[in-house]
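Notes follow the structure.
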Amino acid sequence: MNPIVRKAKPEDFPVLMEFMKGLVDAERPMDPTIKDGNVVYYDLSEIMKNEDSDLYVVELSNELVASGYAKIKEDRPYLKHDKQGYLGFMFVPEKHRGKGYNKLIMDVLLKWCKARNIDEIRLDVYEDNPSAIRAYEKVGLKKHLINMRMNIKDIDL
């Protein structure tokens with residue numbers, strides 16, 4: 001059976017919440033600032049109902065195997081573009097990785113942005129996540145900016 005990419009539906013929420021848990025669990029070791037306990041990154045219903053965003057899934061034999069959303073965001077006034085297409089909730093469960101599902105989602109999200117005259121695409125990825133970085137580079141994204149952080153709570157200043 002061939003995978004299909006479609007807009008997410010409210011009945012997909014239970015699986016999408018499991019995807020979100022999987023994403024948080026994967027990112028916790030890379031980010032000591034993520035709170036303990038249950039963490040919800042995204043308001044999925046808001047993403048789905050907002051006209052400036054859309055959430056897509058890849059379905060294979062009635063099973064969801066990938067997710068991702070695109071959102072149009074205002075950008076900084078000093079940049080050449082006014083708006084950017086921000087991509088998020090890019091998740092493929094471990095057992096389905098390496099099968100091209102991320103590329104299927106990315107292709108749809110990029111087309112979604114282009115249809116809305118959004119040419120600048122951004123996303124965030126942890127530096128300690130080389131497999132995700134490679135997946136994004138495969139579709140043409142390039143490393144652009146490094147976000148640095150520091151906790152000064154226990155530093156004598």
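Each value in this text was obtained by applying a stated rule to the coordinates, not by laboratory testing. Keep in mind that this is a model prediction, so the values were computed, not measured. Heads up, the Cβs are rebuilt from the backbone with ideal geometry, glycines too, and the neighbour counts pull from every protein chain shown.
Largest GNM mean-square fluctuation across HIS81, HIS96, HIS144, computed for the chain with C-alpha springs under 10 Å, falls on HIS144. The slack in the chain from ASP128 to LEU79, taken as 0.36 nm per residue of separation less the alpha-carbon distance, amounts to 14.8 nm.
The loop-placed GluC sites (Glu not before Pro) in the range 17-106, going by DSSP, that have at most 14 neighbouring Cβ atoms within 10 Å of their Cβ come out as GLU51. Each Cα pair under 8 Å and six or more residues apart adds its sequence gap; the mean of these over the residue count of the chain is a relative contact order of 20 percent. Shown here for the range 1-76: trypsin sites (Lys or Arg not before Pro) in loop regions (DSSP other than H, G, I, E, B) with at most 13 other Cβ atoms within 10 Å, namely LYS35.
Across ARG28, ARG97, ARG76, mean-square fluctuation computed from a Gaussian network of the chain (C-alpha pairs under 10 Å connected) peaks at ARG76.
Fully extending the segment from GLU137 to MET30, taken as 0.36 nm per residue of separation minus the present Cα-Cα distance, adds 36.5 nm.
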